[in-house]
Amino acid sequence: MALRNGNGRRALVARRAGAPVHLKVSEVQVETPDDHRALILRISRDRDKAAFAGLFGHFGPRIKAYLMRSGSDSESAEELVQEAMLTVWRRAESFDPSQASVATWIFTIARNKRIDAYRRKNRPELDAEDPALLPSEPVAPDDAVIQDQTALVIRKAVDQLPEEQATMLRMAFYEDKAHSEIAAETGLPLGTVKSRLRLAIGRMRKQMKEFEE
Amino acid sequence: MNGSAHRVMTAPQHHISDEWLLDYASGALDEAASLFVATHLTYCPECRARAQELEAFGGEIFDRIEPAPLSASAMDAMMARLDVANDADLISDTGVDMAIRPAVEGDVLPAPLRSYLGCDLDQVVWQKRGGGVSVAEIDGYFEQGQQVYLLKVDAGRAVPQHTHGGNEMVMVLAGSYQDENGTFAKGDVEIADGAVDHQPIAGSQEDCVCLVVTDAPLRFTGSAGWLLNMFVKM
């Protein structure tokens, strides 16, 4: 892949004594967007448990943190981590690298598990195969390389957000907070919350657009 | 109205705000509003792209979270479940029974709406409310005070003038209507708050069918106060 995450993060997936599978730990110690994609591919193609362990090592603790930020206790968060990652294992074939990064895909799975479990409500979603769907204009081939670059641009854009805007986005995404709830919690006027979120989204979009041109 | 999906549909001109799309992407949006958004996304490539972009922002924010270490047994427990994971009885994909609404065949109304109604547009059972207006209530796990329904206004007829105690979200599913803010056709969204006092008129060619979500009863300001009951009763 053309672009790699250059920050050199490496996480070694812990080898667990007595694990009932043959983990090839040495194969799963890298961690960039396209590495994650390669792991998903190995799962969907080969039901590769070592690849799955690699994803679990990276995303499991993130899903747990995400659930705990929105009010879950540690134990039920871990149960939902398993549910979410089981969905990753079972649905690896449905991951479309031209549509989303692995992190985004797993985020949406974790989000939906959280809604099901805690909010006791539905989150209606569109069906991409719906005959009633008005199709998008055909665009330039949106392959995995472009997706990688997009992920990198998003990463940079988040890096450059002013802290007050980044905080609003984190509250919105991690804590499942509607804008009025963010306002109540931070003591900021609702208008300020909304304008910071709007500014954050505007900045992110601008960078995406500059990248596309 | 049968077959309207097969006509050339132009993309909607009146869209969902970023504020709503963000709450939809984060999962904070309530069920009725989520149904509204998912319905619009089916008709609107532009909002679909924006929603996807916001989800990607969410994915990046999610990936940066300070990880919470899992318990020592978590990896083993996880790996032990993989071999039985393909047993469909073991676990539901959504975890909660109420979350499962069966898919309903059709090609006119968007899939999320079909699954709530249990049918496509041609099978909707309308309750006539007089004045060329019919409604079909939609059930779901909605917030208290919220009303979610399809509203059909016969071609050329007007909805009595009204204002809103809370927000009223309207999206055209078939036909069109006009009010002070312009013309609204299939997929177009109009969100009216308490400040809007309007009298929508259905287009003359075709009955106008809308998805409506209100979080407080409408207040009728015109002379047709008799129609108040038709909404309050719902």
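The values are calculated or read from the model by the stated rules, or taken from the named source; none is laboratory data. All values reported here derive from a predicted model rather than from experimental measurement. Because the Cβ atoms are built from the backbone with ideal geometry, glycine has one as well, and the counts that use them run over all protein chains shown.
Take the residues of segment A:166-204 that are within 18 Å of the chain's Cα centre (by Cα) and charged (D, E, K, R): which is farthest from B:GLU31 (Cα to Cα)? The qualifying residue farthest from B:GLU31 (Cα to Cα) is A:ARG170. Among helices (runs of 4 or more DSSP H) entirely within segment B:13-88, having at least 2 residues that are more than 24 Å from the chain's Cα centre (by Cα) and charged (D, E, K, R) singles out B:45-63, B:74-82. Is there a residue in segment B:30-39 that is within 7 Å of chain A (Cβ to nearest Cβ), out of contact with any Cys (no Cβ under 8 Å at 6 or more places or on another chain) and of a type in the set (Phe, Trp, Tyr)? No.
Based on what the data block shows, is B:ASP207 at pLDDT 95 or above and over 17 Å from B:VAL37 (Cα atoms)? So B:ASP207 fits the description; yes. Screening A:LYS64 on (1) touching a Phe, Trp or Tyr at 6+ places or on another chain (Cβ under 9 Å); (2) buried (at least 24 other Cβ atoms within 10 Å of the Cβ) shows it passes everything except condition (1).
Going by the structure shown, is A:ASP130 surrounded by 14 or more Cβ atoms within 10 Å (Cβ to Cβ), in contact with a Leu (Cβ under 6 Å, 6 or more places away or on another chain), among the charged types (D, E, K, R) and over 21 Å from A:ILE63 (Cα atoms)? No: the conditions fail for A:ASP130. Taken over segment A:145-160, residues that are at the interface with another protein chain (Cβ under 10 Å from one of its Cβ atoms) and under 21 Å from A:SER195 (Cβ atoms) amount to 2.
Only a single criterion out of (1) closer than 27 Å to B:HIS40 by Cα; (2) modelled with pLDDT of 90 or more is not satisfied by A:ALA128, namely (2). Can you spot a residue in segment A:126-144 that is away from chain B (no Cβ under 11 Å), over 20 Å from B:ARG48 (Cα atoms) and not polar (S, T, N, Q)? Checked segment A:126-144: no residue is away from chain B (no Cβ under 11 Å), over 20 Å from B:ARG48 (Cα atoms) and not polar (S, T, N, Q). Return the residues of segment A:98-108 that are in a helix (DSSP H, G or I) and more than 7 Å from chain B (Cβ to nearest Cβ); say none if nothing qualifies. Within segment A:98-108, A:VAL102, A:TRP105, A:ILE106 qualify.
Scanning segment B:50-73 for residues that are more than 30 Å from B:HIS40 (Cα to Cα) and surrounded by 22 or more Cβ atoms within 10 Å (Cβ to Cβ) yields a single hit, B:LEU70. As a summary of the residue check, A:PRO124 satisfies the conditions (1) part of a helix (DSSP H, G or I); (2) in contact with a Leu (Cβ under 8 Å, 6 or more places away or on another chain) except for the one numbered (1). Taken together, A:LYS209, A:LYS177 contain a single residue that is in a helix (DSSP H, G or I), without any contact (Cβ under 8 Å) to a residue 12 or more places away in the chain and of a type in the set (Lys, Arg), which is A:LYS209.
If you check A:GLY54 against the conditions, is it part of a helix (DSSP H, G or I), buried (at least 22 other Cβ atoms within 10 Å of the Cβ) and within 7 Å of chain B (Cβ to nearest Cβ)? It is false that A:GLY54 is part of a helix (DSSP H, G or I), buried (at least 22 other Cβ atoms within 10 Å of the Cβ) and within 7 Å of chain B (Cβ to nearest Cβ).
For (1) free of Cβ contacts under 8 Å to residues at least 60 places away in the same chain; (2) more than 9 Å from every other protein chain (Cβ to nearest Cβ); (3) not in a loop (DSSP other than H, G, I, E, B), each residue gets a yes or a no:
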position	(1), (2), (3)
A:ALA50	yes, yes, yes
A:ARG62	yes, no, yes
A:LEU67	yes, no, yes
A:SER72	yes, yes, no
A:THR87	yes, no, yes
A:ASP96	yes, yes, no
A:ALA110	yes, no, yes
